[in-house]
Amino acid sequence: QVQFVESGGGLVQPGGSLRLSCAASGRIFGIYVMGWYRQAPGKQRELVATITNGGSTNYADSVKGRFTIARDNAKNTVYLQMSSLKPEDTAAYYCYGGSNRNYWGQGTQVTVSS
């Protein structure tokens, strides 16, 4: 089994920044990609950003230039630096790990509001 511990969500004003962290533990040796998805009320879960073991990244068009994903392989941790946040970024953010199956964290809430 794989476990994720997510942190860093909260309330921020438009234009502000937040950094999400996701620390993985357990049977993580098979995970080749990690990342973040988000789900707003009444909407489907959507990709935010992913990063492979080799460092290749992929971003949703809506966050390109504002969000940066990074990982620390020694700490088995992936980070999402979010800047220039907009109200439409408000959602529950879920850590994701991909191997021969998908793993999900419990989610952390990000609310962008004045």
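For Leu85, the amide hydrogen comes within under 5 Å of the amide hydrogens of Gly15, Gly16, counting only partners 5 or more places away or on other chains and with H modelled in the peptide plane. Rounded to the nearest whole Hz, the Karplus-based 3J(HN,Hα) values (6.51 cos²θ - 1.76 cosθ + 1.60, θ = phi - 60°) of region 98-114 follow the sequence x, 9, 7, 8, 9, 10, 10, x, 7, x, 9, 7, 10, 10, 10, 7, 8, with x at glycine and proline. Between region 13-84 and region 90-114, the alpha-carbon centres lie 8 Å apart.
Taking every alpha-carbon pair under 8 Å whose residues sit at least 6 apart, the chain reaches a relative contact order of 36 percent. Start at zero, step by 10 Å, and the Cα-Cα distances of the chain spread as 15, 51, 29, 6, 0 percent across the bins.
Only protein atoms count toward the accessible area here, which uses a 1.4 Å probe; on the chain, the carbon and sulfur part of that area reaches 45 percent.
The values are calculated or read from the model by the stated rules, or taken from the named source; none is laboratory data. Remember, predicted model here, so these are calculated numbers, not experimental data. Side chains included, ligands, DNA and RNA excluded: accessible areas come from the protein's heavy atoms. Shrake-Rupley method; radii C 1.70, N 1.55, O 1.52, S 1.80 Å.
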